[in-house]
Structure formats: structure tokens, C-alpha cells
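Q: Attaching a single structure in C-alpha cells format; questions to follow.
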Amino acid sequence: MKRLFLILSAFLTVLAGHAQNVDSLTIKNIFDQALTSREAYNNLEYLCSETPGRLIGSEASIEAQAFMMAYFKNLGADKVYYQEFKSDAWKCDSAAVFIVLEKGKLKALHCDALGPSLSTPALGITAEVVEVKSLDEAKRMGSEAIRGKIVFYNRPWDPTIINTFYGYGNMHDQRGHGPAIAADLGAAAVIVRSLTNCSDHIPHTGSTRYGETKIPAMAISTLDADLLSETLKKNPATKINMFIDAKEMKQITTYNLIAEITGSEFPDEYIVVGGHIDAWHNTAGAHDDGAGCVMSADVLRTFKTLALKNKRTLRVVLFMDEELYQSGGDAYAKSVKEKGEKHLLALESDGGAFTPRYFTISANEEVVAELAKYQPLLHPYGIDEIKAGWGGVDIGPLKSQGIPLAGYGTDSQRYFDLHHSANDSFDKINLRELQLGCGNMAAFIYLIDKYGIGE
Ligand SMILES: [Zn+2]
């Protein structure tokens, strides 16, 4: 009996080893494909050069979707279609801000409006400035000190935080909620220090959440924030002249783009891979998130080219409007619920196309442990960890339907140098790193499709 058991267990070990070998070989094929194709790179170059500033509601955002739709059709995807929905949108035509110096001289600062900022009156707002380092400090000062003034949130990036997403999170409240709090206290407008560790003249925009009262709000570059702070130290009565020309658009029609390869065994089960096609008005959106879109599209290209015969339906989703109102992710999740579509998992890439590092999983412990077993297969290609963590903003609304979510993670050290700024341009993309991202996303999806989850 003991001998039979030994023979049986040896046999099973050989079988498991064989499966691992087959998977290693397929993954090698996937990477050979990814590392010798420039299609994702070329697609990204097009998005950056021909459709920069593709914020929801812009012509560029529709052109970008049309370009990717033609690409998917050309690849021979089984289904390619727009998922139409309605959302508010916003556009910024211009923004400017000046320190009013002695004798009425003006010193221009590098700035950009936050979305969806209100416009200023045509001649701008001229007011004194109150500098604070936190929302609490503004609240403590109270409306008497703040009414009619411009609140300047100037808590800098903490460079001792290693993971830059946490560094960003540590500053984020100033931009995300600072304008609403200042508006409640009667402020005329808000200026926020750009959310970056860089010392340069590039402003970084982003979204803000207003309460009932809206006031104009903008970000200035970090060097200009330092200059403004110094100027205020010398003369606390210094005034600022601020100008924003922006427009809200109510309930426009827009689209997510969906492309599929139908599953060979379970066509009614879906695996989603995606990124967001929209980008702020001031940027080409190369890393954020043109890269996520072209890498997701490349997963479909690789499955097609290698004829990998996915068991489940592989669905690439290029979400509209991650940046302003996250309406594309909401529209997608709503449709999944209404149609009762079974989703095995959704994977998002929205952390740029830098050196591959990890996948994060937002699901129960068993699912995390199951997917973490694939890490040794992806380790040769740069994946150090598959661990519990964040999925993504666009796929986030699927969480309440119990769908496991995953995020592709790269080396984050340079991401916030570029994020939401004119610096996020195609020349910051490294072909090799982008290709490794394509390969890792395709390989991870291949394993999940082949073995399922909880089977
Ligand atoms: Zn993004």
C-alpha cells in the first residue's frame, strides 16, 4: 500500500512538473511575441501625437476610441463595439495666475486648472492669499480669516515615503478636498501645490470634489509654490491675480470601447483586461493611461497571433473618463449587472509602463493565494510579487458584484514626475518596458483563463 502511494505521488509530481513546463513554454512564446512586436508602442505613439488631451467630452477622446476600434477590427477580434453612456464633462480653455508685485508688476506662475474648476470672472480674481499646510489648518483658521481670499495649500511631497503611490496619497487631500473646504469657509479661489516630488516648473492637474459651493481652483508648479510661499513670508499682504476659462458640459454622450475574443469552452464567462483612454487636457497621457490601453490591446493581439484559444471570453475594455468623474467604470459595471454577465476576473493597468514589478489582487484570501502561485512562472520576466492589494479605479465598481480584481504594477519611482502633466509624453516611454508589460499581462491572463479560479 505504501509502495502504491509512493508510485502514485511520484506520478502526480511528474504530471504537475509537466504542466509547469508546458506553461513555461507557452509563457516564453508569449514573451517572444511581446518582445518582438512594436504594435503597442506604435499605437501609443499615435494616441500621444494625434489625440493628446483626450479628456471626456473632447473630440480627441472620440478619435482615440475610433483609432483603437479600427485596430481591434484589423486584428480580427470576434466582437468590437462601443458601450454608449451619458455623463457630465468639462473642458478647460486656459488658465493663468500672477503674483502682483510692487508697482503693479506681475510675475506669471506655471499653472493649470483642476477639473472641474469653475471659471473666474473675465478679468480674473485678485485677492490676498492664505497659505496652509493642511485641510485642518484651513478649518482652524475659520471663515473670518479666509473669506474672500485665495487659499494656498502648500504641504509638500514627503520624499521619505518609498512607495510613491502612498506619497501621492499623502498629499492628495489638498487637491481632492481642499477646494470644497475652502469654498465652505468663503474663500474666493484655491491654489494647490502640484502633487509631485519634482522641483520644476511643470504644473500637475487632477480632479477635485466640490460640495455645494464651487470656486475656481488650480495647481501651480512646485518651484512656483516655493516662490509664492517665500513671497508671502516677505509680504503677507501679497495679492494674486488668477484667471480660469473653463466650461461644464451636462450629460454628453460618450463611450467605452470593448473588443472580444469569444471563449472556446465558456463563451459566457468573461475575463476583462483594460485601461482608460482619457487623459487630462494638458497631457499626451503616455503612461497615464495610453500605456494601459495599448498593453491591454496587445493581450488580444498576442492571443490572436499565437492562437492561444482562450476558454473564457477575453474582453478588452478601454474605459472613458477615469480622470474626471469615473463614469466609464460605473457604466461598465452597471451593464455587467443588468446583463448578469459572469466575470472571472478584471485586470487593469493604470500605473504606467515602467519596469514590471508585481500584480496586486483585490479578492478574498483564497483567490489571492491561488493567483500568487503563478509568481514563479512570471518571475523571469520581472514579476517579484503577486499579492493582495488594489485593482484599479475603472474596474473598482465591479467589486460590489464580488468579481476578483487585479492591477498590473510597475516600478513607481518616476510615475509622479509625469502624472497629469505635460511631462507625460511619448518620449518617456521605453519600448522594452512597454513590451514587458504586454507580455506579463498576456501571460497572467493566459494562466487565469487556463486554470480558472477556485476550480
Ligand atoms: Zn490613470
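Q: Farthest toward the dipole's positive end in the chain, which of Ile125, Gly211, His172, given Cβ charges of +1 (Lys, Arg) and -1 (Asp, Glu) about the Cα centre?
A: His172
Q: Let me ask something else about it. Let me check against my output: what whole-number percent is the relative contact order of the chain, with C-alpha pairs under 8 Å and at least 6 apart? Intermediate values should be presented prior to the final figure.
A: Values: 1053 pairs, mean separation 94.8, N = 455.
After rounding, I find 21 percent.
Q: Okay, moving on. How much accessible surface does Thr262 have with a 1.4 Å probe, in Å² rounded to 10?
A: Near enough 60 Å² of accessible area.
Q: Which of the aspartates and glutamates could be linked to Lys79 by a straight reach, that is with a Cα gap under 18 Å, when you skip same-chain ones fewer than 8 residues away?
A: Filter leaves Glu260, Glu265, Asp268, Glu269, Asp298, Glu341.
Q: Counting only Cα, what are the radius of gyration and maximum Cα-Cα distance Dmax of the chain, in Å?
A: Computed over the Cα atoms of the chain, radius of gyration and Dmax are 24.3, 99 Å.
Q: Mind ranking 392-401, 82-91 by how tightly packed they are, going by the mean number of other C-beta atoms within 10 angstrom, highest first?
A: Final packing ranking: 392-401, 82-91.
Q: Keeping all protein chains in the complex and leaving out DNA, RNA and ligands, what accessible area do you get for Ile161 with a 1.4 Å probe, in Å² to the nearest 10?
A: 40 Å²
Q: Same structure, new question: According to a simple spin-label model (label point 7 Å from Cα along Cα-to-Cβ), what is the distance in nm between Arg432 and Glu59?
A: Here the modelled spin labels are 4.0 nm apart.
Q: Rounded to the nearest 20 Debye, what is the dipole magnitude of region 144-259 about its Cα centre when Lys and Arg each give +1 and Asp and Glu each give -1 at the C-beta?
A: Dipole about the Cα centre, nearest 20: 220 debye.
Q: Still on this model: Summarise the accessible area of the chain (1.4 Å probe, protein heavy atoms) by the percent that is carbon and sulfur.
A: 55 percent
Q: Mind checking the full-extension length gain between Leu123 and Lys234? Use 0.36 nm per residue of separation minus the Cα-Cα distance, one decimal, nm.
A: Separation in residues times 0.36 nm, less the Cα-Cα distance, equals 37.3 nm.
Q: Now for a separate question. Sorted by packing (mean other beta-carbon atoms within 10 Å per residue), highest first, where do 211-219, 102-110 land?
A: 211-219, 102-110
Q: OK, next. Would you calculate the separation in nanometres between label points at Thr253 and Phe165, each defined as 7 Å from the Cα along the Cα-to-beta-carbon direction?
A: Those two pseudo-labels are separated by 3.6 nm.
Q: Any idea of the accessible area per residue across the chain, 1.4 Å probe, to the nearest Å²?
A: 42 Å²
Q: How big is the C-alpha Rg of region 115-243 next to the rule-of-thumb value 2.2 N^0.38 Å, as a ratio?
A: 0.99
Q: Something else: Work from the charge dipole of region 215-355 (Cβ charges, +1 for Lys and Arg, -1 for Asp and Glu, about the Cα centre) and give the residue of Val317, Thr262, Thr302 farthest towards its positive end.
A: Selected residue: Thr262.
Q: Still on this structure: Full-extension gain between Ser264 and Lys342, please, as 0.36 nm times their residue separation minus the C-alpha to C-alpha distance.
A: 26.5 nm is the gain from fully extending Ser264 to Lys342.
Q: Can you find, among Thr51, Ile62, Ala34, the residue farthest towards the positive end of the dipole of region 28-82? Put +1 on the C-beta of Lys and Arg, -1 on that of Asp and Glu.
A: Of the options given, the answer is Ala34.
Q: Next question, about the same structure. Take the residue pairs Lys311/Lys334; Lys91/Lys234; Lys91/Lys387; Lys86/Lys387; Lys309/Lys342 and return only those whose Cα atoms are more than 27 Å apart.
A: Where the Cα-Cα span goes over 27 Å, the pairs concerned are Lys91/Lys234; Lys91/Lys387; Lys86/Lys387.
Q: Before rounding to the nearest 500, sum -39500 (n - 2.57) across all DSSP H runs of length at least 4 in the chain and divide by the residue total; then give [θ] at 222 nm in deg cm²/dmol.
A: -12000 deg cm²/dmol
Q: Send over the semi-axes of region 316-455's equivalent ellipsoid, whole angstrom and largest first, taken as the square roots of 5 times the C-alpha gyration tensor eigenvalues.
A: They are 24, 21, 12 Å, listed largest first.
Q: Given Cα pairs under 8 Å that are at least 6 residues apart, what percent is the relative contact order of region 379-455? Can you show the working numbers first?
A: Details: 20 pairs, mean separation 20.0, N = 77.
The value is 26 percent.
Q: Could I ask something else about it? On a full-extension model of 0.36 nm per residue, what is the gain between Arg209 and Asp78, subtracting their alpha-carbon distance, rounded to one decimal in nm?
A: 43.2 nm
The values are calculated or read from the model by the stated rules, or taken from the named source; none is laboratory data. Because the structure is predicted, anything quoted here is derived from the model rather than measured. Heads up, the Cβs are rebuilt from the backbone with ideal geometry, glycines too, and the neighbour counts pull from every protein chain shown. Accessible surface areas use protein heavy atoms only, side chains included; no ligands, DNA or RNA. Shrake-Rupley method; radii C 1.70, N 1.55, O 1.52, S 1.80 Å.
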